[in-house]
Amino acid sequence: MIVIADDITGAAEMAGIAFTHGQQVRLVCGSSVCCDTVAVNGTTVIATDTRSMTEAEAVAETQKVSFLIPHSPFLIYKKTDSALRGHVVAELSALMQATDYHRAVFLPANPSKGRVIRGGIYYINHVPIHETDFSFDPEFPATTSALKERFPDAEQYGIIMPDAESEEDIRRVIAKYNDGKTLFAGAADLFSAMLGTFGNTRITSNTRASRLSGSSTLILCGSTQSKPLDLGIPIAPMPREVYDGNDDLSLWDTSAYDKEHRLILTMPYTHRTGKESAVHLRTVMAAKAKELVAEHCPQHLIIEGGATAWATLQALGWTEFTITAQFAPGVVQIKSVTTGILVTLKPGSYPWGSLNPKASCLEP
């Protein structure tokens with residue numbers, strides 16, 4: 001199977017699911033990858049970062065990736081955001097045009113995380129999504145909870161958007177449309193159901209992989225949905241001047257890393273919105289991370305937020321990874337093939353949930 005994800009944390013989430021299902025998994029970044037070496041029983045996950053691009057750029061990148069994929073005997077799955085962000089219709093229509101798929105099922109519901117579609121309305125824990133914090137997203141604010149209003153041109157491109165409130169609903173959707181000519185697109189629960197793992201995700205962390213007590217660790221909280229983490233690790237908040245547009249990284253005091261060998265970078269402000277601001281924030285966070293990695297060579301890099309993760313890995317030049325552990329659904333540890341450094345990724349829109357930071361990948 002080949003999975004195309006529109007951001008790196010979503011890609012890691014898919015890789016983690018396939019990994020816990022016992023598959024051989026590769027995670028690669030960008031369209032400069034050849035999928036011909038994928039094992040028949042394995043999964044290659046391609047992260048494209050198209051969610052952070054313009055629509056035209058996202059379509060071009062999707063087309064570029066699709067032409068690299070051997071369409072048979074591989075099944076293609078399109079990972080999309082469970083909070084409805086991204087250029088969904090444009091990317092799905094481009095992918096269908098470049099492949100043999102005649103229609104697409106778009107099912108972003110994640111019932112296991114309280115995210116359901118009822119009567120065409122998207123709810124998060126019983127609250128319409130436009131009434132949640134996703135209404136303040138800097139690039140894709142949720143201004144409506146009705147899928148047909150959010151994606152008004154989906155139907156004309158052959159994109160079906162069914163309801164789903166449970167695992168059984170998702171299985172029924174798969175059974176109804178699984179004809180070999182329908183492209184499935186959506187979030188983690190749909191992918192899990194397709195692999196037969198829904199509701200039975202194994203956590204694969206182990207002492208060696210997860211406990212890095214005393215090691216050099218850098219944590220990047222780069223999501224607007226980030227919540228404070230009390231880990232007993234020094235915190236270096238982004239200075240207000242840098243947040244407001246200054247690119248001078250020397251303003252950012254990270255000297256605590258010299259003494260503690262551990263550090264958390266945070267963005268403590270939320271008053272700026274828009275594409276330009278979002279690009280600036282992830283760019284300076286990535287640049288600061290690159291500076292610290294070069295200086296301290298941490299054994300473990302932990303990143304919250306897909307756009308920040310992509311910008312950071314691109315700045316570091318790391319493009320191919322193996323999967324080493326999954327600490328919680330969506331919280332996946334990968335290893336850089338180039339450097340051997342461990343990287344743990346978590347989607348910014350997911351809570352840390354049942355993950356105990358002091359007993360797993362975040363243990364100080």
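The values are calculated or read from the model by the stated rules, or taken from the named source; none is laboratory data. No experiment lies behind these values; they were computed from the predicted model shown. Methodologically, a virtual Cβ is constructed for each residue, glycine included, from the backbone with ideal geometry; neighbour enumeration extends over all protein chains shown.
Values as computed for the structure displayed
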| quantity | calculated |
| --- | --- |
| Residue that is nearest to the chain's Cα centre (by Cα) [pool: residues in the range 327-342 that are of a type outside the set (Ser, Thr, Tyr) and surrounded by fewer than 24 Cβ atoms within 10 Å (Cβ to Cβ)] | Pro329 |
| Qualifying strands (runs of 3 or more DSSP E) (wholly inside the range 99-153; at least 2 residues being of a type outside the set (A, V, I, L, M, F, W, C)) | 115-118, 121-124 |
| Among (1) aliphatic (A, V, I, L, M); (2) farther than 24 Å from Arg85 by Cβ; (3) assigned by TED's automatic domain parsing to the domain that holds Leu220 - the single one Ile334 does not satisfy | (2) |
| Top-ranked residue of the range 293-311 - restricted to ones that are of a type in the set (Gly, Ala, Ser) and modelled with pLDDT of 90 or more, ranked as surrounded by the most Cβ atoms within 10 Å (Cβ to Cβ) | Ala309 |
| Residue match in the range 237-260 (condition: in contact with a Cys (Cβ under 7 Å, 6 or more places away or on another chain) and not acidic (Asp, Glu)) | no |
| The range 240-257 - residue that is touching a residue at least 24 places away in the same chain (Cβ under 8 Å) and part of a helix (DSSP H, G or I) and, of those, nearest to Pro141 (Cα to Cα) | Tyr243 |
| Residues located in the range 81-104, provided they are of a type outside the set (Gly, Ala, Ser) and under 29 Å from Phe136 (Cβ atoms) | Asp81, Leu84, Arg85, His87, Val88, Val89, Glu91, Leu92 |
| Matching option when the condition is in contact with a Leu (Cβ under 6 Å, 6 or more places away or on another chain) and modelled with pLDDT under 90, among Pro351, Pro364, Pro347 | Pro364 |
| Flag for Leu95 being crowded, with 17+ Cβ neighbours inside 10 Å, on the phi < 0 side of the Ramachandran plot and out of contact with any Asp or Glu (no Cβ under 6 Å at 6 or more places or on another chain) | yes |
| Residues within the range 265-282 that are β-branched (Val, Ile, Thr), under 20 Å from the mean Cα position of the chain (by Cα) and surrounded by fewer than 17 Cβ atoms within 10 Å (Cβ to Cβ), tallied | 1 |
| Residue in the range 228-235 that is out of contact with any helix residue (DSSP H, G or I) (no Cβ under 7 Å at 6 or more places or on another chain), on the phi > 0 side of the Ramachandran plot, modelled with pLDDT under 95 and in the same structural domain as Ile76 (by TED's automatic domain parsing) present | no |
